[in-house]
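These notes are about the structure you will find just below.
The values are calculated or read from the model by the stated rules, or taken from the named source; none is laboratory data. This is a predicted model, so every value here is computed, not measured. Cβ coordinates were reconstructed from backbone atoms using ideal geometry, including for glycine residues, and neighbour counts include every protein chain displayed. Note: accessible area is taken over every heavy atom of the protein model, side chains too, but ligands, DNA and RNA are not part of it. Shrake-Rupley method; radii C 1.70, N 1.55, O 1.52, S 1.80 Å.
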Amino acid sequence: MAVTRAVAELLSLPEPSARFLVALFSAYLVSLLYKAVCARQRAVLQNAFFALSGLWIMYFVYGHLLWHSLLDVAVVYALLWLFGGTRFGVLLTWIFTLSHLLLGYYEMIVSNEVHSISWTIPHSVLVLKLIALSYNLYDATKKEEEVTDDIKETALPNMPSVLEVMGFAYFCGSVLAGPQISFTRYHKFVNRRLFDVDNTPSSISAGFQRLFLGVFFSVLYSASNQFYPVSYLVSEGFATEPLVRKLWLVFITGKVALWRYVTVWLFAVRQRQHLCMRYSSVLNMLYRKVLVLSVGSPTPWERRAKWSGMLWPTSTS
């Protein structure tokens, strides 16, 4: 496609990486369309919108390899429909989804692809979603004395429909890069019970702060990756380096590689921000994860930090 080729040439990226980046930003347009057309529609229409838009994004990036995610959704839905909220259903979901994902990782290893834009990137998020869905159904069958507050919040007493699971699996705010969200929160979102749509403050300003911060990290990564590429760690040149320099290269290359993930996380936060999921505990968890991975061990203040939709966190104390 001409757009991805132009982006690849402009940013000196491989075309698969450029396609992934274009798809990540196209989710902003999807979120604008959702807010303009579907945000106040019935849940069934919202589920259909998220399923179709997520499938389009996945096909744009991975083409026919989309079948990997479709297979997992179909098989896991069949397993949960047959075995419901049972331990056996959870076990089969674990075995099938993780086996499929591990085969994908094995294929990457034997083909010598270093951090490629593989179908395993969104698939790892999908596996977490589907396993969590099986646990949600199982948790609803537990005895009252075994149920904690967290379980009460996510337990799912009834099997969702195929369309609901498709919308959940391909939700455009997390289909490419995560993070994982629970089905119950997604269900409340499309049924307008997660928050008051009419009275929720605008998320556009805070979201653009995330976008600009993501652009900053992307520039930082692009400049640094020229000097510390991940591929050098598996080269013959690295094997001949002194031990002390090896340790330094592993450390600094790991930090540089992390900036790529921080960039994607920040762009993904921007998408969910635009979809108005601004007070989600998922975003609070993601913000703390970015703090820990990019800065190091969090301070006591950072451990209590909650993402407020602005550039910096606010303390909960």
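With all protein chains present, how much of the accessible area of the range 1-43 (probe radius 1.4 Å) comes from carbon and sulfur, to the nearest whole percent?
Values: 1680 of 2500 Å².
Ligands and nucleic acids excluded, carbon and sulfur reach 67 percent.
Taking a ≥ b ≥ c as the square roots of the eigenvalues of the alpha-carbon gyration tensor, the range 114-183 is classed prolate because a/c is 1.5 or more and a/b outweighs b/c.
Only Lys, Arg, Asp and Glu carry charge here, each on its Cβ (+1 for the first two, -1 for the last two); on that basis the range 56-198 has a dipole of about 180 debye about its Cα centre. The packing ranking, built from the mean of other Cβ atoms within 10 Å per residue, places the peptides 171-181, 41-51 in the order 171-181, 41-51, highest first.
Judged by the gyration tensor of its Cα atoms, with axes a ≥ b ≥ c, the range 1-43 is prolate; a/c meets the 1.5 cut and a/b is the larger of a/b and b/c. Ranking 148, 166, 179 by Cα position along the charge dipole of the range 126-194, where only Lys, Arg, Asp and Glu carry charges on their C-beta atoms, puts 166 farthest toward the positive end. As a calculated quantity, the FRET efficiency between residue 244 and residue 98 at R0 = 41 Å, using C-beta atoms, amounts to about 0.60. Under 1.5 on a/c is rounded, so check that first for the range 1-103, then, if it is not, pick prolate when a/b is larger than b/c and oblate when it is not; a ≥ b ≥ c are the square roots of the alpha carbon gyration tensor eigenvalues. Note, shape of the range 1-103 comes out oblate. Placing dummy labels 7 Å off each Cα toward the beta-carbon, the span from residue 6 to residue 29 is 1.1 nm. Spin-label pair residue 39-residue 231: with each label point 7 Å from Cα along the Cα-Cβ axis, the two points sit 4.4 nm from one another.
Simple spin-label estimate for residue 261 and residue 15 gives 2.9 nm between the two label positions (7 Å along the Cα-to-Cβ direction from each Cα). Calculated FRET efficiency, residue 111 to residue 149, Cβ-Cβ distance, R0 = 51 Å: about 0.65 to the nearest 0.05. Solvent-accessible surface of protein heavy atoms, probed at 1.4 angstrom with all chains present, puts 58, 159 in the order 159, 58, largest first.
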